[in-house]
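These notes are about the structure you will find just below.
The values are calculated or read from the model by the stated rules, or taken from the named source; none is laboratory data. Since we're looking at a predicted model, the values are computed, not measured. Because the Cβ atoms are built from the backbone with ideal geometry, glycine has one as well, and the counts that use them run over all protein chains shown. Heads up: the accessible areas ignore ligands, DNA and RNA and are worked out on the full protein's heavy atoms, side chains in. Shrake-Rupley method; radii C 1.70, N 1.55, O 1.52, S 1.80 Å.
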Amino acid sequence: MPKAVVRQADQSSNGLYRALGVDAKTLPRTRPLYRRIVALFEHAIARGAVNAGVQLPPERDLASTLKISRATVVSAYRELEARGLVRGYVGRGTFVSAKPDAASAPFAWRGKIAASALQVTDTTVRDLVRAAADPNLMSLAAGVPALDCFPTDAFQRAMNHVLATHADAAWRHGPTEGMPRFRAALAERFGGEPEHILVLAGAQQGLDLLARCLIDPGDAVIIDRPGYLGAIQTFRNAGARLVGWDITRADADELEELLLRYRPKLIYTNPTHHNPTGITLSIRTRRELLDLAARYRVPIVEDDTYRELALTGTAPPPSLFELDAAHTLVIRLNTFAKMLAPGLRLGWITAVRPIVDQLALIKQQVDPHTQNLSQLVVCQLVEQGVLDRHLSTLKAEHRRRRDAMVQALREHVPASQLRFSVPDGGMYLWCQLPANLRARTVQDRALRESVVVLTGEPFYVDRGGDHQLRLCYTAQPPGRALHAAKTVARSLAAAAHDVIDEPRNVRVV
């Protein structure tokens, strides 16, 4: 259930009765009496005299105070719950859940929302994709590839061919696991066996399926610190206890200590062109990670989203999935969102057969199968080598965009205000601010100029990120890097000025 926020001053029964404006002497004896109690509570909740989270008096106490029967109070509370205004919990009591709906609904919709759903309050991902879609904003926040490099003509030809030759397969139902030909193409290009692949409507769906398949409330999960915010949100919403492993140090001894202390259900890591830091783990660290996972019998979920986006001529080390020769320890997650376009909503998981089968059983409940047309079209792009040619073009463009952004930032932002390492792949600059500047203030200042940056806070499972920014350099063409850098510079300067102007006797938290 959601945590009840109960104010001490008005939480006593007397305080609540005062808010209701009623006591045993003034309570009218009209019939049915329980409806009068309902009306009093509803009016008090509507005008804010009794706020969401406040606990109502126990039924017996309220009945005794008002000198009415407990059955009357029970009826009143049941009616209030039916209207979505309160919610009762066995062994905990009854709590105000929502104000009356201003619309014409006969109940408060928010009061009908499941308690577990009300715990989902982080809007970061939704805000990111909304900003990325807003033409009035320059977004450096969401991870978007250079979409003007998308192979539109080849995609159109492939789609026309599919519709001309396999229209029936495109429009009918397909296997929950994915189209057989597409799974075979994925296995051939990216490794694994076709029967060990589950096609997804994007990597985020894969994280959700994995959380529902593997995590029980209270299970510990070790995750990169900092780490991918979508994974943090998904595992947290599943009830996991998240434990951060410092990915910047990648200390195997630290990881072993965490394994011993928390006995986690799984390890989640993004070891190649890491989001958000850009780090790539060495092959030695990867082998140590696999050895520890095998020794302590903990599966690894490897997010391999950025592997194909290396910006140097040197290929990254083999994936954890590749190094796990028997493919029994690592579940690999991947997506075409960064290789092609996020709008495709197409990804896949590679895992042992029992996990693929179980994930498919869970997936069928909300998504019987991923869109067939997208699978068949992208399948052709993979089979015909279009994807590989596109990736070569994309990486060259990403390299230009990275270099333009780095140069513009170095020219217009003092090094003392913004420190970062130049990544050799991926999509992001992970930037460190001075200790006296808060990333959120910089973010707010940049937004005033219609530029969106992302603070470091969502990437931490604990407190962290207050003085860090993630900038996506791939989303904007090189010609816009100068404007982006100048805006960041002005935002940093304004944030520093705000710090100077703060009264010395005020503690900033």
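For the range 204-225, a residue qualifies if it is more than 13 Å from Leu359 (Cα to Cα) and open to solvent by 30 Å² or more (accessible area, probe 1.4 Å), and the qualifying residues are Gln204, Asp216, Pro217, Gly218, Asp219, Arg225.
Working only within the range 378-395, note down all residues that are closer than 30 Å to Ala485 by Cα and either touching a helix residue (DSSP H, G or I) at 6+ places or on another chain (Cβ under 9 Å) or of a type in the set (D, E, K, R) (or both). Before the answer, list the steps.
Initial filter on the range 378-395 (closer than 30 Å to Ala485 by Cα): 390-395.
Within the range 378-395, His390, Leu391, Thr393, Leu394, Lys395 meet the criteria.
For the range 53-75, the tally of residues that are over 11 Å from Val96 (Cα atoms), in contact with a strand residue (DSSP E or B) (Cβ under 7 Å, 6 or more places away or on another chain) and of a type in the set (Val, Ile, Thr) stands at 0. Does the range 398-424 hold any residues that are open to solvent by less than 20 Å² (accessible area, probe 1.4 Å) and out of contact with any Ser or Thr (no Cβ under 7 Å at 6 or more places or on another chain), and which are they? Met405, Val406, Ala408, Leu409, Val413, Leu418, Pro423, listed by residue number.
Going through the range 164-176 one residue at a time, which ones are within 11 Å of Asn372 (Cα to Cα), open to solvent by less than 80 Å² (accessible area, probe 1.4 Å) and part of a helix (DSSP H, G or I)?
Scanning the range 164-176 gives Ala167, Ala169, Ala170.
Restricting the range 321-359 to residues that are assigned to a helix (DSSP H, G or I) and in contact with a Leu (Cβ under 8 Å, 6 or more places away or on another chain), the residue that is farthest from Val125 (Cα to Cα) is Leu323. Of all residues in the range 309-346, exactly one satisfies the criterion of being farther than 14 Å from Phe190 by Cβ and of a type in the set (Asp, Glu), namely Asp324.
Are any residues in the range 47-71 open to solvent by less than 30 Å² (accessible area, probe 1.4 Å) and at negative phi, and if so, which ones? Can you show your working first?
Here is the first cut: in the range 47-71, the residues open to solvent by less than 30 Å² (accessible area, probe 1.4 Å) are 48, 50, 53-54, 56-57, 62-63, 66, 68.
Selection gives Val50, Val54, Leu56, Pro57, Leu62, Ala63, Leu66, Ile68.
Scanning the range 136-193 for residues that are among the β-branched types (Val, Ile, Thr) and either within 30 Å of Val451 (Cβ to Cβ) or in contact with a Phe, Trp or Tyr (Cβ under 6 Å, 6 or more places away or on another chain) (or both) turns up Val144, Thr152.
Of the residues making up the range 357-377, just one is crowded, with 22+ Cβ neighbours inside 10 Å, under 15 Å from Ala203 (Cα atoms) and aliphatic (A, V, I, L, M), namely Leu359.
Restricting Ser75, Ser104 to those that are over 24 Å from Ala238 (Cα atoms), open to solvent by 20 Å² or more (accessible area, probe 1.4 Å) and modelled with pLDDT of 90 or more reduces the list to Ser75. Taken across the range 189-203, residues that are among the charged types (D, E, K, R), buried (at least 21 other Cβ atoms within 10 Å of the Cβ) and part of a helix (DSSP H, G or I) do not occur at all. State whether the residues of the range 107-115 include one that is hydrophobic (A, V, I, L, M, F, W, C) and modelled with pLDDT of 90 or more. Checked against the condition, which is being hydrophobic (A, V, I, L, M, F, W, C) and modelled with pLDDT of 90 or more, the range 107-115 yields no hits at all. Among the residues of the range 320-355, the ones that are open to solvent by 30 Å² or more (accessible area, probe 1.4 Å) and more than 20 Å from the chain's Cα centre (by Cα) come to 11 in all.
Considering only residues of the range 430-463 that are more than 22 Å from Val406 (Cβ to Cβ) and outside any loop (DSSP other than H, G, I, E, B), which is least open to solvent (accessible area, probe 1.4 Å)? Reasoning before the result, please.
Here is the first cut: in the range 430-463, the residues more than 22 Å from Val406 (Cβ to Cβ) are 435-436, 438, 440-441, 444, 447-448, 450, 457-458, 460-463.
After this cut, where a residue has to be outside any loop (DSSP other than H, G, I, E, B) as well, the list is 440-441, 444, 447-448, 457-458.
Values: Arg440: 107, Thr441: 45, Asp444: 79, Leu447: 92, Arg448: 174, Glu457: 47, Pro458: 27 Å².
In this case the residue turns out to be Pro458.
Residues of the range 107-128 include none that is under 24 Å from Gln371 (Cβ atoms), open to solvent by 40 Å² or more (accessible area, probe 1.4 Å) and not in a helix (DSSP H, G or I).
Only one of the numbered conditions (1) among the aliphatic types (A, V, I, L, M); (2) out of contact with any strand residue (DSSP E or B) (no Cβ under 8 Å at 6 or more places or on another chain); (3) modelled with pLDDT under 90 is violated by Val50, and that is (2). If the condition is being under 33 Å from the mean Cα position of the chain (by Cα) and surrounded by fewer than 14 Cβ atoms within 10 Å (Cβ to Cβ), then the range 154-163 contributes only Gln156.
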